[in-house]
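As structure tokens, the structure follows; a few thoughts come after it.
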Amino acid sequence: MNMVAMQLEQVGQPLTCVKLVLPVPREHEILIQVRACGVCRTDLHIADGDLVPHHLPLTLGHEVVGTVVERGTSAQEFAINDRVGVPWLAGSCGHCRFCLAEHENLCNDIRFTGFDHDGGYAEYLVADARYCFHVPERYDDMHVAPLLCAGLIGYRAYAMAGDAERIGFYGFGAAAHIISQVARHRGQQVFAFTRPGDSRSQDFARSLGVTWAGNADARPPAELDAAIIFAPVGALVPQALTVTRKGGTVICAGIHMSDLPAFPYAILWGERSVRSVANLTREDGRAFFQIADHIPLKTMPIPFPLTRANDALNALRDGAFDGAAVLIP
Ligand SMILES: [Zn+2]
Ligand SMILES: [Zn+2]
């Protein structure tokens, strides 16, 4: 049997629509018929060569929702016909110092969906069942797909902000629009920073109930306890530090970021910290989906047919929409 996939054959080139033989699940793997696959900024970084893929051709996509159609001999976590979610974390070694310390997100032999393994820009994919999730029933396929990375890794970054009362989000895209709803639900004040002059995204943020929305170079009406930088722009780090209180944290949530400019020590002084967030653990997934099952999160997917994956990537690159693009086979 054959399937259609949108593959990256060469970095910097559009994806190519190809026919491939259906993959066969190995011992711990399941074969999944894809129902929806979210388009993440990381996909753009891989397609553009900011993150160098380990092999080509490669099928992108790590926000996958689908149906289990076949199982490897030891893949007991899901039954045939179960709905399943496939995230960015595709596998870890289980025995390095990081895996043993519940930091599988930092594993020395970590593997990623749509990067090391073929992902969900296809009609089918195989995934290690031990790293897949049962996703909340309250969401349909298209609405749950963006939760699998934007939601999940956004949540890990959000958790780093601890009990911040006032929390800033730099870049109000797929991750921020989901996580701001979690923060609002918990009674935290959200400050949304967008590209200067991007009044459409600022209005979008206000429609989700944020306390304040403005330009990334603006001073918000109150000092922040924590700031999360979702935009891949290193220059935002000093900007965020200048509006974060003493002892506060600036969290870089993206897997790729442009270089950080030099900045005066005075804006870091006062026990402010800057840290990054890498990938996710399965425990993050379980915690986040429990919350997503409890709070009705609006994910605002923009559907694209699978074969129009290039249009979806270009629209994301151009900042042409709010919410999250989702490919539908
Ligand atoms: Zn992602
Ligand atoms: Zn490991």
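The values are calculated or read from the model by the stated rules, or taken from the named source; none is laboratory data. This is a predicted model, so every value here is computed, not measured. Cβ: placed from backbone, ideal geometry, glycine included. Neighbour counts: every protein chain shown. The area values use the complete protein model at the heavy-atom level, side chains included, leaving out ligands, DNA and RNA. Shrake-Rupley method; radii C 1.70, N 1.55, O 1.52, S 1.80 Å.
Structure notes:
- Taking the stretch 211-233 as the range and being part of a loop (DSSP other than H, G, I, E, B) and among the β-branched types (V, I, T) as the test, the residues that pass are T211, V233.
- Residues of the stretch 48-68 that are among the aliphatic types (A, V, I, L, M) and not in a loop (DSSP other than H, G, I, E, B): L58, V64, V65, V68.
- Among residues of the stretch 262-271, those that are closer than 21 Å to P232 by Cα and either surrounded by fewer than 10 Cβ atoms within 10 Å (Cβ to Cβ) or of a type in the set (K, R) (or both), counted: 1
- The number of residues in the stretch 97-149 that are closer than 22 Å to H54 by Cα, of a type in the set (D, E) and within 16 Å of ligand 2 (Cβ to nearest atom) comes to 4.
- Candidate set from the stretch 234-256 (those that are assigned to a helix (DSSP H, G or I) and in contact with a Pro (Cβ under 9 Å, 6 or more places away or on another chain)); member that is farthest from ligand 1 (Cβ to nearest atom): P238
- Criterion: open to solvent by less than 70 Å² (accessible area, probe 1.4 Å) and in the same structural domain as D48 (by TED's automatic domain parsing) - qualifying residue of A324, A253: A324
- Residues of the stretch 140-192 classified as outside any helix (DSSP H, G or I) and buried (at least 21 other Cβ atoms within 10 Å of the Cβ), total: 14
- For the stretch 113-128, the set of residues classified as touching a strand residue (DSSP E or B) at 6+ places or on another chain (Cβ under 6 Å), within 16 Å of ligand 1 (Cβ to nearest atom) and open to solvent by less than 20 Å² (accessible area, probe 1.4 Å) consists of T113, G119, G120, Y121, L125, A127, listed by residue number.
- Only one entry of L100, L106 meets the criterion of being more than 16 Å from ligand 1 (Cβ to nearest atom), among the hydrophobic types (A, V, I, L, M, F, W, C) and in contact (Cβ under 8 Å) with a residue 60 or more places away in the chain, and that entry is L106.
- The number of residues in the stretch 278-296 that are under 14 Å from A145 (Cβ atoms) and open to solvent by 10 Å² or more (accessible area, probe 1.4 Å) comes to 1.
- Taking the criterion of being touching a residue at least 40 places away in the same chain (Cβ under 8 Å) and either in a strand (DSSP E or B) or within 16 Å of ligand 2 (Cβ to nearest atom) (or both), the residues of the stretch 69-96 that qualify are V69, E70, R71, R83, V84, G85, V86, W88, L89, A90, G91.
- So A36, is it in a strand (DSSP E or B), within 16 Å of ligand 1 (Cβ to nearest atom) and touching a strand residue (DSSP E or B) at 6+ places or on another chain (Cβ under 9 Å): yes
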